[in-house]
Amino acid sequence: MSASFIQRRINDQAKRAAETPAAPMSASPLPDDEETVSVSAVPPTPEPASSGAVEPSLTPPAKRRSSLRVSVLRKQLRPKLLASPDEADHWRRGDAEKEALLIGRLHALLQRAGVQLAPAELRELEKALLDDLLGFGAIEPLVQDKTISEIMVVGADMIFAEQKGKLTESPIVFDDEDHVQWTAQRIVRPLGRTLNRANPMVDARLPDGSRVHIVMPPSALKGTTITIRKFPGKPLTVDDLIKFGSFTPEVAEFLRACIVSRLNVVVSGGTGSGKTTLLNVLSSFIPEDERIITIEDAAELQLTQRHVVTLETAPPISGGDGVAGRLTIRDLVRGALRMRPDRIVVGECRGGEALDMLQAMNTGHDGSLTTIHSNSPRDCMARLETLCLMAGMDLPVGVIRRQIAGAVNLIIQQSRLKDGTRKIVQITEIQGMEGENITLQDLFVYRTPGYTGSGYSHAGGGALEPTGFRPNFEDRLKEHGFKLMASVFGGGSRFKK
C-alpha cells in the first residue's frame, strides 16, 4: 500500500472527525494490519499542563483540551489496546508493569498503521491512554489530588472540584460524551454494576473507598453526570477533627463515653456536611472485642477494628426480572440481626429500613449508629417518622414516636458552615415523651461571639459550647466507668474515666 494512499485516508479521517460525531466505542483484540487505525493530520496543539489544580475563579477557566489528532487517536485506540473490554478493570495507574505493557501495544499499533507522531504528541497520547485505561480518564489528576474532596462532572465540558470547602470550576474537560461514558463504565464495571438505558443511575465507589454517583442521559440533560465524594487514604481520627476545630477535646471524651456505654446515636446533617466522616470517627471508639456489622449502599466506612463485617447493597441481576439478586439496606439490616452483632452501623437511613433499625435498637442491639439527612435534631425526629412510614406497616404516628423515643439516645447535628468548614453544631439528648411529643434537650450548641439567635450559628469562627444541662443517661455512663465532671459542661475539673 503506497504512502500517498495512506496519507489520503488520514486526511479523509481528519475531515470526518471534524464534521461528524465519531462512531460508538467497540472493544476488539489488537489490530492485525495497518488499515485498522486511521487518524487526523491536524497539527498538534501545545501539550496541556499535567496538573489538575482547580483555578479559584468566578469566571469559567480556559479549558485544557487535547489536540484533535490526539483526541481521535485516543478514542480509536482505547478499546484496541485491550485483549477484552474488562482486561484492565482491576489494573491501576502507577503499576509500572501494566503501563509498560500498554505502551508497548500502543507503539506496535502506531507502527503497523504507519502513524507518525511528534514526540510531544506521543507523550500526550501515552499519558491520555494510560489515564483512560488504568485511571479515570480526564479527571485522573483530580482523583489523585489529595487536596480535592469532591469532583463533579456535568457532561464533557464542565468539571467542578471542591478544595477546602470551596467549589470552583476546573480547566480540565473530557473530549466528548463518549469519553465520559468510557470513564463511567470503568468505574462501575469492576463492581458488577450496570450503567445503560435500562439502569441509567448507579451508586458505586472507587478502589480507595470514595463514593460515586452516576446519572446518564436522557435524565442528565447536559451529558453523563459523575459525582465523586473523595475520602482520605488515611481515615481521619478524632485528633484530626479536634485539630480542625470540629469539636473540643472535652466533647470528644464525652462522645467516646457515649459510644463505649452503648448509647444509640444518630448523626444528622445535610449533604456534604461530614456525616460519614464523623460516623467513621465515632465507630473508632467501639471496643476491639465487639463484633461490628456495617451496612451501606456503597462501602465508605473505614473501621480499623479487626472483627468487622462489611455489607453492601446489590443491584438486581442484569437482564433479569428486576428483583432477582437485589439486596437493599432493609434486607441487610434484617439479615444482620441474625448474625449475632454487638454493633450495627448503617451508613445512612433513607427508607423503610429506619423502622427495622429502631426495632433493633429497642430489642437489645444497643450501641447502634446511623446517619440521616436533616437540618436540625427536631427535623431529624420528623424525618425518622417519615422514613418509618415508608416501611409500609401503617403504624400510628404515636407508636412510631414512642419507638423513636425509646430507641435513640443522642442526636449529633453536623453542618457545613458559611466559610466551608464542617463542624458539630448541636449534640441533643432525646429525653422521652411528653404527651404526644418527643422531648429534646440540647447538651452542646455551636455559637459564635455575640450570637444571640436561637439554635446554632451558621457562621465560622465559633465554638461548640455546653448548655449547662447534664444528660439523663449519666448513670448509664457511670455504670461503664465514666464520670462526667463539671468541666464537660463548663466548670469544675476535667472529665475522666
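Quick notes
- Only helices enter this figure: runs of n ≥ 4 DSSP H residues, each worth -39500 (n - 2.57), summed and divided by the residues of the chain, yield -9500 deg cm²/dmol at 222 nm to the nearest 500.
- Over the stretch 407-497, Cα pairs under 8 Å with separation of 6+ residues give a relative contact order of 19 percent.
- Here the 3J(HN,Hα) profile of the stretch 172-177, calculated from phi with Karplus coefficients 6.51, -1.76 and 1.60 at θ = phi - 60°, is 6, 9, 7, 5, 6, 4 Hz, Gly and Pro shown as x.
- Farthest positive-ward along the stretch 267-379 dipole, Cα basis, beta-carbon charges - from Thr304, Gly319, Met339: Met339
- Mean accessible surface per residue for the chain, computed with a 1.4 Å probe while every protein chain stays in place, in Å²: 46 Å²
- Cα gyration tensor shape for the stretch 166-311, rounded if a/c is under 1.5, else prolate or oblate: prolate
- Whether the stretch 206-262 is rounded, prolate or oblate, judged on the alpha carbon gyration tensor where a/c under 1.5 counts as rounded: prolate
- What the phi angles of the stretch 326-342 give under the Karplus curve with 6.51, -1.76 and 1.60, with θ = phi - 60°, is a coupling list of 7, 10, 9, 4, 5, 4, 6, 4, 4, x, 4, 5, 9, 10, 6, x, 8 Hz, glycine and proline written as x.
- Given [x] 54, 25, 22; [y] 41, 25, 22; [z] 52, 24, 19, the label whose value is semi-axes √(5λ) of the Cα gyration tensor in Å derived from this model: [z]
- For the stretch 81-98, the Karplus equation 6.51 cos²θ - 1.76 cosθ + 1.60, evaluated at θ = phi - 60°, returns couplings of 7, 10, 5, 8, x, 9, 4, 9, 4, 10, 7, 10, 4, x, 7, 4, 5, 5 Hz by residue, with Gly and Pro reported as x.
- As a length-normalised measure over Cα pairs under 8 Å and 6 or more apart, the relative contact order of the chain settles at 10 percent.
- Of the beta bridges in the chain, as assigned by DSSP with both residues counted there, near 65 percent are antiparallel.
- Dipole axis of the chain (+1 Lys, Arg; -1 Asp, Glu on Cβ), positive-most option in Ala108, Leu82, Ser457: Ser457
- Within a straight-line Cα-Cα reach of under 21 Å, Lys75 can be paired with the following lysines, leaving aside sequence neighbours fewer than 8 residues apart in one chain: Lys15, Lys63, Lys98, Lys127, Lys222.
- Here the chain exposes an accessible surface that is 53 percent carbon and sulfur, computed with a 1.4 Å probe and the other protein chains kept in place.
- Accessible area of His458 in the full protein assembly, 1.4 Å probe (Å², nearest 10): 100 Å²
- Shape of the stretch 400-497 from the C-alpha gyration tensor: oblate (a/c of 1.5 or more and a/b not above b/c, with a ≥ b ≥ c the square roots of its eigenvalues).
- Taking GluC sites (Glu not before Pro) across the stretch 290-333, none is in a DSSP loop with at most 11 further Cβ atoms lying within 10 angstrom of its Cβ.
- Rounded to the nearest 20, the size of the Cβ-charge dipole of the chain about its Cα centre is 580 debye, with Lys and Arg at +1 and Asp and Glu at -1.
The values are calculated or read from the model by the stated rules, or taken from the named source; none is laboratory data. Predicted, not measured: the structure shown is a model, and the values here were computed from it. Positions of Cβ are backbone-derived with ideal geometry, glycine not excepted, and every protein chain shown enters the neighbour counts. Areas reflect the complete protein model, heavy atoms only, side chains present, ligands, DNA and RNA absent. Shrake-Rupley method; radii C 1.70, N 1.55, O 1.52, S 1.80 Å.
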